[in-house]
Amino acid sequence: MNATTPQLTSPVRTFVQRLSSTRRGARLARLLAVEELRTWPVSPAVTERAEQIVAELATNAVLHGHARGRDFRLTLTLDEATGVVRIEATDTRGEKLPALPPEPQPDDESGRGLLLVAALADRWGTEPYAPSGKTVWAEVGSRPG
């Protein structure tokens with residue numbers, strides 16, 4: 001007799017939305033992400049960090065990853081076993097990779113988005129998205145208090 005041991009799989013929740021590469025699309029990404037995350041088993045602290053990261057990544061996709069007539073995609077994934085939320089913003093400008101800027105001056109009006117992502121995320125990075133795009137991702141989980 002050949003018996004197999006059942007494998008327990010941890011539930012993974014996913015939310016995917018294509019949005020216009022406009023300021024309105026970036027704002028909608030943040031609003032939709034918050035509404036979705038509120039239904040997931042994550043702490044309010046994770047939701048707050050994720051909300052800020054979505055706002056920054058969506059804005060960057062619109063400002064720096066925009067190609068005329070092309071949308072960007074927001075993906076949220078929760079691995080319930082680890083409690084880690086992964087946020088992804090995918091755009092069509094693979095040649096424009098994000099990089100942490102030098103320390104901005106106090107009176108600079110921009111240039112802090114990726115610094116905020118780096119501060120709020122447990123990990124973040126980029127991946128190529130075929131044929132010519134990129135995905136900028138960040139992961140957040142419960143931090144020990």
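Laid out as a table, the results:
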{"item": "Count of segment 28-72 residues which are of a type in the set (D, E, K, R), assigned to a helix (DSSP H, G or I) and either within 18 Å of Leu97 (Cα to Cα) or without any contact (Cβ under 8 Å) to a residue 24 or more places away in the chain (or both)", "result": "4"}
{"item": "So Arg70, is it in contact with a Gly (Cβ under 9 Å, 6 or more places away or on another chain), surrounded by fewer than 18 Cβ atoms within 10 Å (Cβ to Cβ), over 18 Å from Ala118 (Cα atoms) and modelled with pLDDT under 95", "result": "yes"}
{"item": "Failed condition for Arg30, given (1) within 22 Å of Asp122 (Cα to Cα); (2) touching a strand residue (DSSP E or B) at 6+ places or on another chain (Cβ under 7 Å); (3) surrounded by 13 or more Cβ atoms within 10 Å (Cβ to Cβ)", "result": "(2)"}
{"item": "Residues of segment 86-145 satisfying the condition of being open to solvent by less than 30 Å² (accessible area, probe 1.4 Å), at pLDDT 70 or above and assigned to a loop (DSSP other than H, G, I, E, B)", "result": "Gly94, Ala121, Gly141"}
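The values are calculated or read from the model by the stated rules, or taken from the named source; none is laboratory data. Predicted model, so just to flag it, every value in this text is computed and none were measured. Methodologically, a virtual Cβ is constructed for each residue, glycine included, from the backbone with ideal geometry; neighbour enumeration extends over all protein chains shown. Remember, those area values only see protein heavy atoms, side chains included, never the ligands or the DNA or RNA. Shrake-Rupley method; radii C 1.70, N 1.55, O 1.52, S 1.80 Å.
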